[in-house]
1. Inside the range B:76-104, can you point out the residues that are out of contact with any Phe, Trp or Tyr (no Cβ under 8 Å at 6 or more places or on another chain), open to solvent by 10 Å² or more (accessible area, probe 1.4 Å) and charged (D, E, K, R)?
2. Which number in (1) touching a residue at least 24 places away in the same chain (Cβ under 8 Å); (2) in contact with a Lys or Arg (Cβ under 6 Å, 6 or more places away or on another chain) marks the one condition that B:Leu39 misses?
3. List the residue pairs whose Cβ atoms are under 7 Å apart, where the first residue sits in the range B:105-117 and is over 24 Å from A:Cys90 (Cβ atoms), the second is part of a loop (DSSP other than H, G, I, E, B) and open to solvent by less than 30 Å² (accessible area, probe 1.4 Å), and the two are 6 or more positions apart or on different chains.
4. Out of A:Leu75, A:Leu101, A:Leu48, which single residue is open to solvent by less than 60 Å² (accessible area, probe 1.4 Å) and farther than 14 Å from B:Glu105 by Cα?
5. Looking at the range B:59-67, can you tell me whether even one residue there is outside any strand (DSSP E or B), within 11 Å of the chain's Cα centre (by Cα) and surrounded by fewer than 20 Cβ atoms within 10 Å (Cβ to Cβ)?
6. Counting only residues that are among the small types (Gly, Ala, Ser) and touching a strand residue (DSSP E or B) at 6+ places or on another chain (Cβ under 6 Å), which one in the range B:4-29 is nearest to A:Tyr36 (Cα to Cα)?
7. Quick one: which of B:Gly28, B:Gly40 is within 14 Å of chain A (Cβ to nearest Cβ), of a type outside the set (Asp, Glu), exposed (fewer than 15 other Cβ atoms within 10 Å of the Cβ) and at positive phi?
8. Looking only at the range A:28-43, how many residues end up being part of a loop (DSSP other than H, G, I, E, B), open to solvent by 10 Å² or more (accessible area, probe 1.4 Å), out of contact with any helix residue (DSSP H, G or I) (no Cβ under 9 Å at 6 or more places or on another chain) and within 13 Å of another protein chain (Cβ to nearest Cβ)?
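The values are calculated or read from the model by the stated rules, or taken from the named source; none is laboratory data. Here the structure is a predicted model, which is why all the values come from computation and not from measurement. Virtual Cβ from ideal backbone geometry, glycine too; neighbours counted across all protein chains shown. Only protein heavy atoms, including side chains, enter the accessible area calculation; ligands, DNA and RNA are left aside. Shrake-Rupley method; radii C 1.70, N 1.55, O 1.52, S 1.80 Å.
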Amino acid sequence: GNSVTQMEGPVTLSEEAFLTINCTYTATGYPSLFWYVQYPGEGLQLLLKATKADDKGSNKGFEATYRKETTSFHLEKGSVQVSDSAVYFCALSRGGGADGLTFGKGTHLIIQP
Amino acid sequence: EAGVAQSPRYKIIEKRQSVAFWCNPISGHATLYWYQQILGQGPKLLIQFQNNGVVDDSQLPKDRFSAERLKGVDSTLKIQPAKLEDSAVYLCASSLARTSGRAGELFFGEGSRLTVL
């Protein structure tokens, strides 16, 4: 079946550091890929998405590229801020009528000033 | 635009009791989802509705969980009887229909936290 594997957290970085959160997936067919974020005290919200191989999703300075050859969708940001502290979830949608998301376990990111 | 509304925010019950959660999706969203999020894990899909029909309930423990979406708007998720392992946050989400090209773009409520003692 479909699954998503993320790097374990927490990940602790200093402000302005470079961020990478690894995400790999297993799926049949051609899934769409997503990163969702949960800020402290808030609900899950979509950060970015990519719907086909080699697509790059981007938002708020974050980027992720859909790599079919390595079944990966790593999240990157060039310079993190304290306000980026949150839990990040990688997810896939297998498409078709039943397109509910399959989520990874989440990676807790802590940015220190 | 109002977001996805859920209630109650918190519920504490004893095992073998029953509980119900309510969700009101964003107006105009045809698709509604219920997810279960156990502490330290990612959300797990329980059931997906398209309007008032069930699209996917393959991971719903049907011996104790039930859900309905009357009139294609509000939805209720019920657990009866509850077990200790049902302690989790129950998330409701909604999205536009797949034909909108926005598949997978879910809007989540703040969740209902259930503790089973």
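1. Listed by number, the residues that qualify are B:Lys83, B:Glu85, B:Arg98, B:Arg102.
2. So the condition that B:Leu39 fails would be (2).
3. B:Val116/B:Ala82
4. Working: A:Leu101 fails: farther than 14 Å from B:Glu105 by Cα; A:Leu48 fails: farther than 14 Å from B:Glu105 by Cα.
Checking each option against the conditions leaves just A:Leu75.
5. Yes: the range B:59-67 contains one or more residues that are outside any strand (DSSP E or B), within 11 Å of the chain's Cα centre (by Cα) and surrounded by fewer than 20 Cβ atoms within 10 Å (Cβ to Cβ).
6. Restricting attention to the range B:4-29, the residues satisfying the condition of being among the small types (Gly, Ala, Ser) are B:5, B:7, B:18, B:20, B:27-28.
Next cut, touching a strand residue (DSSP E or B) at 6+ places or on another chain (Cβ under 6 Å) only: B:5, B:7, B:20.
Values: B:Ala5: 19, B:Ser7: 23, B:Ala20: 27 Å.
For the range B:4-29, the residue satisfying everything is B:Ala5.
7. On the way: B:Gly28 fails: within 14 Å of chain A (Cβ to nearest Cβ).
From the options B:Gly28, B:Gly40, the qualifying one is B:Gly40.
8. Applying the first criterion (part of a loop (DSSP other than H, G, I, E, B)) to the range A:28-43 yields A:28-31, A:39-43.
Next cut, open to solvent by 10 Å² or more (accessible area, probe 1.4 Å) only: A:28-30, A:39-43.
With out of contact with any helix residue (DSSP H, G or I) (no Cβ under 9 Å at 6 or more places or on another chain) added as a condition, the list becomes A:28-30, A:40-43.
Filter again for within 13 Å of another protein chain (Cβ to nearest Cβ), leaving A:30, A:40-43.
So the answer is 5.
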